[in-house]
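Below: the structure, in C-alpha cells.
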Amino acid sequence: MYADELMLLSASVSGLQQLLDVCAHNAEDLCLQFNDKKSHCIVVGPKHKCKPSSLSLSGKPLQWVESVKYLSITFMSSKVFSVDLNQLRQVFLDAQTLFWSTVLVCLSW
C-alpha cells in the first residue's frame, strides 16, 4: 500500500524534518511506503533563494525544488505563497472545447 497526496507545512526546516519523521514512523506502523522519487520540498518566504538543510524521509534524502505539483496545482517556491494555474487553465479550456464541439455535433443531428 502507498501513501499518496500528502502535504506537510512547517515554519522551519527542523520542524519539517520532525513532521517527516512522524510520518515515516506512522507509515511503518501502517505498512505504508512513501515514494521518495515523488516527494519534494519547496521554500516559501523571504529565504526562498537560500539553499536549505537536507531533509530525509525514511532515511532517503528529499530534493528541494522550485515548484511542486499537488492535486493538479503547481506550487511555486517564492517570497510569498503562489501557485501556477496555467496548466489547470489549459485543462479547463481543453475540456470546454471538447464539450462545445460535442454539443454542436449533437445539435446538428
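Here are the numbers:
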item: Cβ charges +1 (Lys, Arg) and -1 (Asp, Glu), total dipole of the chain, debye; result: 480
item: C-alpha long axis of helix 13-29 to longest principal axis of the chain, angle in °; result: 80
item: Label-point separation, Ala11 to Leu85 (7 Å along Cα→Cβ), nm; result: 2.9
item: Crossing angle, helix 86-108 versus the chain [Cα axis fit, 0-90 degrees, rounded to tens]; result: 20
item: The stretch 1-103 shape via C-alpha gyration tensor axes, a/c threshold 1.5; result: oblate
item: Cβ-based charge dipole, the stretch 13-84, positive-most Cα from Leu32, Cys50, Tyr70; result: Cys50
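Every number here is computed from the coordinates shown, using simple stated rules; none is lab data. Because the structure is a prediction, the values reported are computed rather than measured. With ideal geometry, Cβ positions are generated from the backbone for all residues, glycine too; neighbour counts draw on all protein chains shown.
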